[in-house]
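Enquirer: The structure's right below; bear with me while I get my questions together.
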Amino acid sequence: MMASFFASLKNKGLYFSGILVCTVAALSGEAGAQATAPMQGLPLLFDAREHLPLPDLSAYPRLRFLTTTDFPPFNFTDQNGRLTGFHIDLVREICAVLSIEDRCQIQAVPFGELETALGTGQGDAVIAGVAVTAAKREQFQFSRPYLLLPARFVVTKSALKTGQGVPAPGWRVGVVAATAHEAMAKAWFPDMQRQAFETPEALLEAMKTGKIDAGFADALRLSFWVSGAGSGACCALAPGAYLSERFLGEGLAVMVRRQDTTLAAAFDHALAELAGSGRLEEIYLRYFPLGLF
């Protein structure tokens, strides 16, 4: 699933509502970057001064959201077999803002069938971490992003004691070969001493055993690893998050059929309301207590 999300990637450093979320080098080349100070909450994705009107949804007797069961903590089945997760709670909040709770339905289908199910009318919207790509935009429409998935450095606690910046000169920094994060590390940190690993598991094991000083990968995987038993409390996330459309895509968004402009506008309205009220951040912290940023 995450491989699908990062499959097609574009380029641009991101600023939101005048607040610098990630300091990057000049957009022309992205030769290097610096991360911001750590933040527990979400960066601002909607400008509070922008008015996004609520369109009329009376033409929709029901609104069917399609998702999957195998993308934790976004959407998964709990021990009682109930569909739950960040996306499920977000759908409920979207429907509440749109005042259509009694018309909202959520259905899980295999990830590979999401586009076909949406295109053939088996559902009205997909909320499951589908990558936003130029090819998909020719067939579907997307809401504005509601969550970005940044890259982060994870550092061994022994290396952190040096008090040097990240990445420190001479550190051995692991990346997973042939991934967006390896390409990003090469472009932004050309002088960094990199060591490529075949799999994320191999990278994390090298961190745990001290074979490398740091790793550069997606914040989602790293945040759960450092806080879980699998890390053996060896490591910690370094301060700061790194964002780039070129390497990490546009973020998570709701996908609808190309002609459903009314639905896309309605979702933008609802997401802006949830961001402004703090409800979006409440849901985020419920499933990402350590924080991705």
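Enquirer: Using only the Cα atoms, what convex hull volume per residue in Å³ does the chain have?
Expert: Working: hull volume 39.1 nm³, N = 293.
In the chain, the Cα convex hull volume per residue is 134 Å³.
Enquirer: Next question, about the same structure. Would you mind working out the accessible area per residue for the chain, using a 1.4 Å probe, and quoting it in Å²?
Expert: Numbers: 13010 Å² over 293 residues.
Normalised by residue count, the accessible surface of the chain is 44 Å².
Enquirer: Could you look at the stretch 190-249 and say what percent of its accessible area is carbon and sulfur, using a 1.4 Å probe and all protein chains? Present the calculation step by step, with values, prior to reporting the outcome.
Expert: Values: 1260 of 2550 Å².
Taking all protein chains in place, the stretch 190-249 shows 49 percent carbon and sulfur surface.
Enquirer: Could you report the accessible area of Ser277 in Å², rounded to 10, computed with a 1.4 Å probe on the protein chains as they sit in the structure?
Expert: Roll a 1.4 Å probe over it and Ser277 shows about 70 Å².
Enquirer: In vacuum, with every alpha carbon of the stretch 53-211 counted as one equal point scatterer, what does the Debye formula give for log10 I(q)/I(0) at q = 0.10, 0.11, 0.13, 0.14 Å⁻¹? Two decimals, please.
Expert: Each listed q corresponds, in turn, to -0.57, -0.66, -0.81, -0.88.
Enquirer: Now for a separate question. May I ask you to list the trypsin sites (Lys or Arg not before Pro) in the stretch 48-131 that are in a DSSP loop and have at most 13 other Cβ atoms within 10 Å of their Cβ? Walk me through the numbers on the way to the answer.
Expert: On the way: sites: Arg49, Arg62, Arg64, Arg82, Arg92, Arg103; in loops: Arg49, Arg62, Arg82.
Loop-located and lightly packed - Arg49, Arg62, Arg82.
Enquirer: For Val176, list long-range residues whose amide hydrogen, built 1.01 Å from N in the peptide plane, is under 5 Å from its own amide hydrogen.
Expert: Here Glu182, Phe197 satisfy the definition.
Enquirer: Continuing with the same structure: For the stretch 38-188, what is the charge dipole size about the Cα centre, in debye to the nearest 20, if Lys and Arg each add +1 at the Cβ and Asp and Glu each add -1 at the Cβ? Don't skip to the end; give the middle numbers.
Expert: Working: 14 positive and 14 negative charges, 146 e Å.
The dipole of the stretch 38-188 has a size of about 700 debye.
Enquirer: Volume per residue, Å³, of the convex hull around the alpha-carbon atoms of the stretch 154-280?
Expert: Values: hull volume 18.6 nm³, N = 127.
It is 146 Å³ per residue.
Enquirer: Could you give the dipole magnitude of the stretch 179-266 about its Cα centre, charging the beta-carbon of Lys and Arg +1 and that of Asp and Glu -1, in debye to the nearest 20? Working shown, then result.
Expert: Working: 8 positive and 10 negative charges, 20 e Å.
Dipole about the Cα centre, nearest 20: 100 debye.
Enquirer: Of the options Val130, Ala183, Ile100, report the single residue whose Cα projects farthest towards the positive end of the charge dipole of the stretch 55-210 (beta-carbon charges: Lys, Arg +1; Asp, Glu -1).
Expert: With unit charges placed on the Cβ atoms, the residue in question is Ala183.
Enquirer: If you place +1 on the Cβ of every Lys and Arg, -1 on the Cβ of every Asp and Glu, and leave all else neutral, what size is the dipole of the chain about its Cα centre, to the nearest 20 Debye?
Expert: So the magnitude is around 600 debye.
Enquirer: ³J(HN,Hα) across the stretch 104-112 via Karplus (A = 6.51, B = -1.76, C = 1.60, θ = phi - 60°), whole Hz, x for Gly/Pro?
Expert: With the stated coefficients, the stretch 104-112 comes to 8, 9, 10, 10, 9, 9, x, 4, x Hz.
Enquirer: Per residue of the chain, what 222 nm ellipticity follows from adding -39500 (n - 2.57) for every DSSP H run with n ≥ 4, rounded to the nearest 500?
Expert: Working: 11 runs with 87 residues, N = 293.
That calculation yields -8000 deg cm²/dmol at 222 nm.
Enquirer: Note the full-extension length gain between Lys136 and Ala196 as 0.36 nm times their separation in residues minus their Cα-Cα distance, in nm to one decimal.
Expert: Working: separation 60, 0.36 × 60 = 21.60 nm, distance 3.07 nm.
Length gained between Lys136 and Ala196: 18.5 nm.
Enquirer: Once you sort the root eigenvalues of the Cα gyration tensor of the stretch 133-217 as a ≥ b ≥ c, which label holds: rounded (a/c under 1.5), prolate (a/b larger than b/c) or oblate (the other case)? Walk me through the intermediate numbers first.
Expert: Details: a/c = 2.40, a/b = 2.16, b/c = 1.11.
Taking the square roots of the gyration eigenvalues as a ≥ b ≥ c, the stretch 133-217 is prolate.
Enquirer: Just to confirm my numbers, what's the Cα centroid distance between the stretch 152-181 and the stretch 66-119 in Å?
Expert: First find each Cα centre; the distance between them is then 36 Å.
Enquirer: Tell me the relative contact order for the chain as a rounded percent, counting alpha carbon contacts under 8 Å between residues six or more apart.
Expert: Details: 551 pairs, mean separation 91.1, N = 293.
Worked out over the chain, it gives 31 percent.
Enquirer: Now, a different point. From largest accessible area down, sort His87, His51, His269; use a 1.4 Å probe on the protein chains.
Expert: Descending order: His51, His269, His87.
Enquirer: While we're looking at this one, here's another question. With unit charges on the beta carbon (Lys/Arg positive, Asp/Glu negative), name the residue among Val109, Pro200, Thr162 whose Cα is farthest towards the positive pole of the charge dipole of the chain.
Expert: Sorting the options by dipole projection puts first Thr162.
The values are calculated or read from the model by the stated rules, or taken from the named source; none is laboratory data. Just so it is clear, the structure is predicted and the values come from calculations on it, not from any experiment. Quick reminder, even Gly has a Cβ in these numbers, built from the backbone with ideal geometry, and neighbours come from all protein chains shown. We work out accessible area using only protein heavy atoms, side chains counted, and drop any ligands, DNA or RNA first. Shrake-Rupley method; radii C 1.70, N 1.55, O 1.52, S 1.80 Å.
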